Amino acid sequence: MPVAVRVIPCLDVDSGRVVKGVNFENLRDAGDPVELARIYGAAGADELVFLDVTASSSDRETTYEMVRRTADQLFIPLTVGGGVRTTDDIDKLLRAGADKVGINTAGIANPQLISDASRRFGDQCVVLSVDVRRSKESPSGFEATTHGGRRSSGLDALEWITEAAERGAGELLLNSMDADGMQNGYDIELITAVRAVVDIPIIASGGAGQLSHFAPAVVAGADAVLAASVFHFNQLAVSDVKLQLAAEGFQVR
Amino acid sequence: MTNVVVLDYGSGNVRSVQRALETTGASVEVTVDFETALNADALVVPGVGAFAACVEGIRKVRGDQIIGRRLAGGRPVLGICVGMQVLFERSTEHAGDGYFAGLNEWPGTIDTLHAPILPHMGWNTVIAPLTSEMFAGISDERFYFVHSFAARTWELDPIEKMTAPKVTWANHGEDFVAAVENGPLWATQFHPEKSGEAGLTLLANWISTVK
């Protein structure tokens, strides 16, 4: 397929500031999401994801302002997830300049949110974000978790993903809680299992540690590969990931 | 300074279109004011979401009249994404076994793409005619697409003594119309405002044709 494999850095932000830190040289402000977004844009990132971990809903205004300032300077797609509970939250993020909005815990609590959002804003705006971990109690062996993997939802991950896609989610941000932070490679087993049940684009997330980790995720069925710390700490460059993918025969931008 | 209006009929994110156009040096106003949109040097018709909702939104602000009168006067109009799709005769999106009517500037039906993965989401290549003004100075670049429906055929027959429309194609599962240059009416299925430097160059190309 000629559409390019997307390489997507993900920034965790809290009250408009990047958390966990980012280790770049020549950075005036390592916590400024706007400056980081600009740098990633220039470095060839195909998209950016902001994961808003702001705990207090009263701080949401800072999130909107951050999205606004980023979108003013960044001419690549921007997805914002985290803390999205209502279609009005989505509306505010889209108006601030987000192109897509990630729905996670709130979608599990209220699946109608996925349907309502896709009807109101279009499938292409609605990214289902799922934190998946292995569980013997789930029929497929994978369960969907909530609250960033801290709680079990009791839902089988594959069943939930299938339902959300039918409700109109236009894309899936598939995060493996088992692979996340391990830097041992993407969760190929999970990606393969999910690809077999849905035909919406899949963004693979969790586990990237080396250049050799990206192509297997694409072979397993991912349309895009997301990573956070390996990019932020200069372990890998976006351009090197693309060169490696191209060397393995995949289309990149 | 070229003055551009982005028709703000309630469809999605017009902010990035505005900012991207501003990088070309144009002054950009986001409005639905009839006279302002009619008299602007150039008009952008954005579009996000469902076809029928966009057509309804455009008609509600008399956007169909604005577009029609501008084109009659040879004044530039650029449709983006669903803003391009609405220029066609009709669409099957959410229409059951029937159709929703479009603005009918061009014949043809917007239909679901036959592709294994939908939406078509991401950066894809295009094949532009050599004479394209839209893609002047742009080669080997990808543009950002996000859509499930498209014009899978181009049905406007060339008319003698009139300049033939320049049609640019892309492929996702099958060929579809990625962009059109038809006199004062231009359109892109992809999002130039989200296509990095290549997209900004394309918008600058468009602005440079505005007299």
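Laboratory data are not the source of any read-out in this text; all were calculated from the coordinates shown. What you are looking at is a predicted structure, and each value in this text was computed from that prediction instead of being measured. Here the Cβ is made from the backbone with ideal geometry for all residues, glycine too, and neighbour counts use every protein chain on show.
Tabulated data for the structure shown
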item: Net charge contributed by nearby residues that have their C-beta within less than 13 Å of residue B:66 (K/R +1, D/E -1); result: +1
item: Using a Förster distance of 30 Å, the FRET efficiency for residue A:91-residue B:35 (Cβ separation, nearest 0.05); result: 0.55
item: Theoretical gain in end-to-end length, residue B:130 to residue B:104 [0.36 nm per residue, Cα-Cα removed]; result: 6.7 nm
item: Amide H partners (placed H, <5 Å) of residue B:8, local residues excluded; result: B:31, B:32
item: Charge dipole (debye, nearest 20) of the range B:3-209; +1 at Cβ of Lys and Arg, -1 at Cβ of Asp and Glu; result: 280 debye
item: Helix-only CD estimate at 222 nm, as mean residue ellipticity for chain B, using -39500 (n - 2.57) per DSSP H run (n ≥ 4); result: -7000 deg cm²/dmol
item: For chain A, calculated [θ]222 nm from helices alone, where every DSSP H run of n ≥ 4 adds -39500 (n - 2.57); result: -10000 deg cm²/dmol
item: Residue (of B:58, B:170, B:81) at the positive-pole extreme of the range B:3-209, dipole from beta-carbon charges; result: B:58
item: Antiparallel bridges, percent of DSSP beta bridges restricted to the range B:3-209 (to nearest 5); result: 55 percent
item: From phi via Karplus (6.51, -1.76, 1.60), per-residue ³J(HN,Hα) for the range B:166-174 in Hz, x at Gly/Pro; result: 9, 10, 9, 10, 9, 9, 9, x, 7
item: Label-point separation in nm, residue A:72 to residue B:175, each point 7 Å along Cα→Cβ; result: 4.4 nm
item: The range A:139-171 versus the range B:167-193: alpha-carbon centroid distance in Å; result: 36 Å
item: Average Cα contact separation per residue, chain B, under 8 Å, 6 or more apart, as relative contact order %; result: 20 percent
item: Net charge of neighbours whose Cβ lies under 11 Å from the Cβ of residue B:4, counting Lys and Arg as +1 and Asp and Glu as -1; result: -3
item: In nm, spacing of pseudo-spin labels at residue A:233 and residue A:210 (7 Å Cα→C-beta vector); result: 1.6 nm
item: Among B:91, B:27, B:11, residue whose mean-square fluctuation peaks in a GNM of chain B (springs only between Cα atoms under 10 Å); result: B:27
item: Sequence-distant residues sharing a close amide H with residue A:18 (under 5 Å, placed H); result: A:32
item: Computed over chain A: relative contact order in percent, which uses C-alpha pairs under 8 Å that are six or more apart; result: 18 percent
item: Peptides ranked, highest mean first, by Cβ atoms within 10 Å: ranges B:106-117, B:138-149, A:227-238; result: B:138-149, A:227-238, B:106-117
item: Dimensionless Rg ratio for chain B, taking C-alpha atoms and the 2.2 N^0.38 Å reference; result: 0.93
item: Qualifying GluC sites (Glu not before Pro) in the range A:110-183, DSSP loop, other Cβ atoms within 10 Å at most 15; result: A:137
item: At least 20 Å along the helix axis (C-alpha) and Kyte average at least -1.0, DSSP helices within chain B; result: B:196-209
